[in-house]
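The values are calculated or read from the model by the stated rules, or taken from the named source; none is laboratory data. Everything quoted here is computed from the prediction, not taken from an experiment. Backbone-built Cβ (ideal geometry, glycine too); neighbour counts: all protein chains shown. Surface accessibility is based on the protein's heavy atoms, side chains included, excluding ligands, DNA and RNA. Shrake-Rupley method; radii C 1.70, N 1.55, O 1.52, S 1.80 Å.
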There are 2 protein chains.
Amino acid sequence: MRMPTREGVIEAAEKVAAILPPTPLLPVRIGNTRCWVKAETLQPVGAFKIRGAWHRLSALSEEEKARGVVAVSSGNHAQGVAWAAARLGIKAAIVMPRDAPRVKLQATHALGAEIVLYERPGEDRDEVAARLIAERGGTLVHAFGDPWVIEGQGSAGIEITQQLGRQPSQILACCGGGGLAAGLALACPDSAIVPVEPEGWDMVGQAMAAGEIVQVADDAPKTICDALQPPATKPVNLSILKDRAEPGVTVDDDEVRAAQRFAFSNLHLVVEPGGAAALAAALAGKVPLDADTVIMLTGGNTDAESFAAMLASTG
Amino acid sequence: MRMPTREGVIEAAEKVAAILPPTPLLPVRIGNTRCWVKAETLQPVGAFKIRGAWHRLSALSEEEKARGVVAVSSGNHAQGVAWAAARLGIKAAIVMPRDAPRVKLQATHALGAEIVLYERPGEDRDEVAARLIAERGGTLVHAFGDPWVIEGQGSAGIEITQQLGRQPSQILACCGGGGLAAGLALACPDSAIVPVEPEGWDMVGQAMAAGEIVQVADDAPKTICDALQPPATKPVNLSILKDRAEPGVTVDDDEVRAAQRFAFSNLHLVVEPGGAAALAAALAGKVPLDADTVIMLTGGNTDAESFAAMLASTG
């Protein structure tokens, strides 16, 4: 597999800018610090995943496009791939967990993709996807362990640099498998990259600490961050992040809900649990902030019922 | 009183652009039409009112600044004036209804303004403000019947024109006293301006139909649109709108809640009832839409309890 490059990120940023307006970089005050949030929740599919999906699918050959794509996702990558596939006239099959939020299943279906459900935990989602490709053919679009996907997600870092007029001092990134974090590391070589993961699901942080891929524990705790539950990171992500990222930070469900409430009240943005992880770390004081800090709000796809319950909760 | 002018709107747009990044113009699909929403909910005070307040307060003489300002508002103009006053070091007293949403009272207080409460209905808010000015001095910053405020709100129309690359075919504007609608009419002479008001509180629509100011009925129905309950429009607004605006459109509470839910699910934006009125008219099919239609989302300041109840409602 080719390695993703900064040149690839810059190319991805040009391709993304040609079809999607930049998402706003909004000022935010956290404690006594004024810094920035990048509202990727305002992408057409409600998440940054549209970037990597567009960069990958638009780079397929005509022959590959004709055979279609297969992706694995709890819902945001699913919508990104479905959106890009619909726009390019490509057939897409998405392997999704049966317990994915209903809005994510519905939105992926509405974008015209075929959904193949699997059980989480129990079935290995990568095996389900591999079986599908063996049966039908098609190109796998991995949610984070793919060079185009990483470059595509990194386009957010180029956009931030243009909006801020300089590279940020640091970027706090909600982190599942490490696709966004790796892309931002390539995009912004002068910025510290801080991956923020749910407690017990910090497979990027643990891999960076161990120097090798670590699988999630069988008894990993439940988390409300449905978008940040990869079984492990991938070598391509680890190879980029091990030299570039800060030690990982983890957040718990109460911290995530507090961040969702903060975004509701102070920013008037709907942020899903996994999309609020980086903000949660900032609000909980787990990362020192400065005026050039950028906090990624990565997704906003959440059920009305869950959101109403979160607003009513105090923890 | 001087009349607001298009030149004044352009000057306001330059002043606003110097301190506030443009709010995003986001694509939205309504039925089979792709058009645009202008997300003024993402202004620092969560509403477009920051525009007019900034244009007005920054135009005060040093002597006027020293005497302070007085405003009347159910909460969004209050925050706009308080924000601008804090930034310019001006003392601000805001006359607010006792039943204003708690978040609006709290946010206005947090911005450092003095709050003077009145009872709605019962007390005449303009009289409370006039009494305050008679006692203490200071400049009245009217929420909509002020030339600077109208020009300032119109700066949104200049921004939209820059973002769209042309003037919109039409702008659907949530409408209270008609400050925004009048400003947009000046900003975009080639665009149709459609004021959207709550049922029974269409004091701009009624004034345009009658050709004169109409006071709200004593038995006006309740509305969830707390931001759109002026007792009447003002001559300056009517004089601009009577020749420029389309016949007014009204929306009911169920239509407004449906629009809030649509904004939650499809745009991932928190929109308050009054801020969703224009979107409600579009979703209810009350205004024919085209690809160059812009729908104003004017405010996002709403209590968590109200928002959760709205999400849970089906009407």
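General remarks:
- Cβ-Cβ contacts under 7 Å between residues 6 or more apart (or on different chains), taken from a first residue in segment B:247-276 that is facing chain A (nearest Cβ under 9 Å) and under 15 Å from B:Ala308 (Cβ atoms) to a second residue that is of a type in the set (S, T, N, Q) and open to solvent by 10 Å² or more (accessible area, probe 1.4 Å), are listed as B:Val270/B:Thr302; B:Glu272/B:Asn301; B:Glu272/B:Thr302.
- Meets criteria (within 20 Å of B:Ala187 (Cα to Cα), among the charged types (D, E, K, R) and assigned to a helix (DSSP H, G or I)) for B:Asp254: no
- The residue that is nearest to A:Ile19 (Cα to Cα), counting only those in segment B:31-63 that are aromatic (Phe, Trp, Tyr) and surrounded by 24 or more Cβ atoms within 10 Å (Cβ to Cβ), is B:Phe48.
- Selection from segment B:93-138 of residues that are among the β-branched types (Val, Ile, Thr) and in contact with an Asp or Glu (Cβ under 6 Å, 6 or more places away or on another chain): B:Val103
- Check on A:Pro231, modelled with pLDDT under 95 and farther than 21 Å from A:Glu40 by Cα: yes
- Contacts under 7 angstrom Cβ, first residue in segment B:164-181 being touching a residue at least 60 places away in the same chain (Cβ under 8 Å) and closer than 19 Å to B:Thr5 by Cα, partner of a type in the set (Ser, Thr, Tyr) and buried (at least 24 other Cβ atoms within 10 Å of the Cβ), 6 or more apart: B:Gly177/B:Thr233; B:Gly178/B:Thr233; B:Leu180/B:Thr298
- Number of positions in segment B:250-306 that are under 16 Å from B:Val37 (Cα atoms), of a type outside the set (A, V, I, L, M) and within 17 Å of the chain's Cα centre (by Cα): 8
- So A:Val116, is it surrounded by 15 or more Cβ atoms within 10 Å (Cβ to Cβ) and touching a residue at least 60 places away in the same chain (Cβ under 8 Å): no
- Test for B:Val287: is it within 14 Å of chain A (Cβ to nearest Cβ), within 30 Å of A:Gly46 (Cα to Cα), assigned to a loop (DSSP other than H, G, I, E, B) and in contact (Cβ under 8 Å) with a residue 12 or more places away in the chain: no
- Scanning segment B:1-30 for residues that are part of a helix (DSSP H, G or I) and either touching a His at 6+ places or on another chain (Cβ under 6 Å) or basic (Lys, Arg) (or both) yields B:Arg6, B:Ala12, B:Lys15.
- Close pairs (8 angstrom Cβ cut-off, 6 or more residues apart or separate chains): outside the structural domain of B:Leu289 (by TED's automatic domain parsing) and free of Cβ contacts under 8 Å to residues at least 40 places away in the same chain in segment B:3-30, assigned to a strand (DSSP E or B) and basic (Lys, Arg) anywhere: none
- Condition check for A:Val249 on (1) buried (at least 24 other Cβ atoms within 10 Å of the Cβ); (2) β-branched (Val, Ile, Thr); (3) closer than 20 Å to A:Ile295 by Cα: one failure, at (1).
- Of all residues in segment B:31-79 being of a type in the set (D, E, K, R), assigned to a helix (DSSP H, G or I) and more than 13 Å from the chain's Cα centre (by Cα), the one that is farthest from the other protein chains (Cβ to nearest Cβ): B:Glu63
- Criterion violated by B:Asp254 - all others in (1) within 24 Å of B:Pro288 (Cα to Cα); (2) open to solvent by less than 40 Å² (accessible area, probe 1.4 Å); (3) touching a Gly at 6+ places or on another chain (Cβ under 6 Å) satisfied: (2)
- Condition check for B:Leu186: under 27 Å from B:Lys38 (Cβ atoms), among the hydrophobic types (A, V, I, L, M, F, W, C) and in the same structural domain as B:Ala291 (by TED's automatic domain parsing): yes
- Matching option when the condition is of a type in the set (Lys, Arg) and touching a residue at least 60 places away in the same chain (Cβ under 8 Å), among B:Lys234, B:Lys222: B:Lys234
- Taking the conditions (1) free of Cβ contacts under 8 Å to residues at least 40 places away in the same chain; (2) open to solvent by 10 Å² or more (accessible area, probe 1.4 Å); (3) among the aromatic types (Phe, Trp, Tyr) in turn, A:Trp148 satisfies each one other than (1).
- Take the conditions (1) touching a helix residue (DSSP H, G or I) at 6+ places or on another chain (Cβ under 9 Å); (2) in a loop (DSSP other than H, G, I, E, B); (3) surrounded by fewer than 24 Cβ atoms within 10 Å (Cβ to Cβ); B:Phe264 misses just one of them, which is (2).
- Residues that are more than 10 Å from every other protein chain (Cβ to nearest Cβ) and under 30 Å from B:Asn266 (Cβ atoms) were ranked within segment B:1-30; the one that is surrounded by the fewest Cβ atoms within 10 Å (Cβ to Cβ) is B:Ala17.
- As a summary of the residue check, B:Ser306 satisfies the conditions (1) touching a Ser or Thr at 6+ places or on another chain (Cβ under 7 Å); (2) more than 9 Å from chain A (Cβ to nearest Cβ) except for the one numbered (1).
- Residue match in segment A:65-84 (condition: outside the structural domain of A:Thr298 (by TED's automatic domain parsing) and surrounded by fewer than 16 Cβ atoms within 10 Å (Cβ to Cβ)): yes
- Checked against the criterion of being modelled with pLDDT of 95 or more, at negative phi, in a helix (DSSP H, G or I) and surrounded by fewer than 22 Cβ atoms within 10 Å (Cβ to Cβ), segment A:170-183 contains not a single residue that satisfies it.
- Residues in segment B:95-133 that are assigned to a loop (DSSP other than H, G, I, E, B) and under 22 Å from B:Gln43 (Cα atoms) were compared, and the one that is farthest from the other protein chains (Cβ to nearest Cβ) is B:Ala113.
- Residue selected from segment A:290-308 under the condition touching a helix residue (DSSP H, G or I) at 6+ places or on another chain (Cβ under 8 Å) and part of a helix (DSSP H, G or I), by the criterion surrounded by the most Cβ atoms within 10 Å (Cβ to Cβ): A:Phe307
- Subset of segment B:85-113 [touching a strand residue (DSSP E or B) at 6+ places or on another chain (Cβ under 9 Å), open to solvent by 60 Å² or more (accessible area, probe 1.4 Å) and of a type in the set (Lys, Arg)]: B:Lys91, B:Arg98
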